[in-house]
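Accompanying notes for the structure given below.
No lab work stands behind these numbers, since they all come straight from the coordinates. Keep in mind it's a predicted model, so treat the numbers as computed, not measured. Glycine also receives a Cβ, built like all others from the backbone with ideal geometry; neighbour counts cover every protein chain displayed.
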Amino acid sequence: MFKSIGVMGLLVCAQLTFAQTKLDRQGHRGARGLMPENTVAAMKKALDVGVETLELDVVISKDKQVVVSHDPYMAASISTKPDGTPVTEAEQKSINLYQMPYADIRAFDVGSRPHAQFPDQKKVKAYKPLLTELIDSVDTYARTKGLPLPRYNIEIKSAPAGDNVSHPAPQEFVDLVLPICQKKLGKRFYIQSFDVRPLQVIHKQHPDVPIAYLTANAKTIDENLATLGFTPFAYSPYYKGVTDQTVKTCHQKGMQIIPWTVNTKEEIQSLVKLGVDGIITDYPNLF
């Protein structure tokens with residue numbers, strides 16, 4: 001009897017270890033290397049190539065809608081005006097999404113222009129979707145295809161200089177985004193940001209919501225966590241700064257480490273060998 005229990009215990013431990021070490025494959029902005037970024041089409045493509053988690057960004061429109069977009073303006077690299085003319089670099093930041101009702105935002109095409117950075121990206125006419133629409137469309141697609149429902153890594157795009165100019169202040173931003181996530185996704189999401197302020201709001205008011213802290217600086221993990229003020233679920237540094245010691249320190253502190261944005265198979269394999277918990281990539285087909 002004791003022998004059987006011991007064997008069962010070992011099997012359970014092995015299963016738990018496997019669950020903890022399985023790589024979380026994340027599609028950056030859906031699958032930016034393959035389809036126009038942060039569109040429903042990009043998210044569906046990411047599911048087709050087997051990701052577990054969809055990484056995306058959210059901003060806020062003038063009428064307080066949560067819009068899936070990396071930039072709080074119409075970026076010249078991807079945007080075409082409703083009249084068919086391209087948005088120029090000189091004017092892009094003046095087309096401020098926070099000063100536009102969603103109906104006007106939706107009229108811009110963000111999928112037809114060739115992207116110099118991503119020559120393999122398929123060009124399709126697309127618009128910036130609402131977060132609600134994207135979740136409904138993607139989850140329906142997953143069910144129709146018999147795929148597991150994905151997890152969502154949702155980045156709040158904010159910075160102190162942008163408060164009440166390109167986005168609401170942190171409390172309002174969180175109050176607009178979080179109820180949608182909680183209602184539609186339950187436990188299938190976490191929130192990330194470079195801006196510690198919305199993360200601090202969530203940690204204080206919704207301690208059950210997992211948080212990832214994005215970093216892109218030369219500070220130590222301890223220095224960054226001191227700025228954040230708590231230990232998050234995950235630490236997401238720029239991948240080039242990740243070392244064996246970075247991974248060990250994160251795990252010693254009880255954090256997952258999920259570097260961004262890793263775009264070659266060799267770099268993905270190198271980070272997997274270091275023991276990272278997940279990888280965010282523009283090319284999820286490389287997994």
Step by step: first the residues of the range 41-90, then only those that are within 22 Å of PRO198 (Cβ to Cβ) and among the polar types (S, T, N, Q), then the one that is nearest to the chain's Cα centre (by Cα). Which residue is that? THR53
Which of the residues that make up the range 163-190 are more than 26 Å from ASP24 (Cα to Cα) and either of a type outside the set (Asp, Glu) or part of a loop (DSSP other than H, G, I, E, B) (or both)? ASN164, VAL165, SER166, HIS167, PRO168, ALA169, PRO170, GLN171, PHE173, LEU176
Of the residues in the range 133-165, those that are farther than 19 Å from ARG197 by Cβ, touching a Ser or Thr at 6+ places or on another chain (Cβ under 6 Å) and among the β-branched types (Val, Ile, Thr) come to none
Answer yes or no: is there a residue in the range 66-89 that is surrounded by fewer than 16 Cβ atoms within 10 Å (Cβ to Cβ), of a type outside the set (D, E, K, R) and in contact with a helix residue (DSSP H, G or I) (Cβ under 6 Å, 6 or more places away or on another chain). no
Residue set LYS240, LYS219; condition without any contact (Cβ under 8 Å) to a residue 24 or more places away in the chain and more than 20 Å from the chain's Cα centre (by Cα); output residue LYS219
For ASP222, indicate whether it is farther than 14 Å from SER193 by Cβ and touching a helix residue (DSSP H, G or I) at 6+ places or on another chain (Cβ under 7 Å). no
Answer residue from the range 90-103, given it is within 19 Å of PRO36 (Cβ to Cβ) and not aromatic (Phe, Trp, Tyr) and is surrounded by the fewest Cβ atoms within 10 Å (Cβ to Cβ) among those: GLN92
Testing ILE135 on (1) part of a loop (DSSP other than H, G, I, E, B); (2) in contact with a Lys or Arg (Cβ under 7 Å, 6 or more places away or on another chain), one condition comes back false. Which one is that? (1)
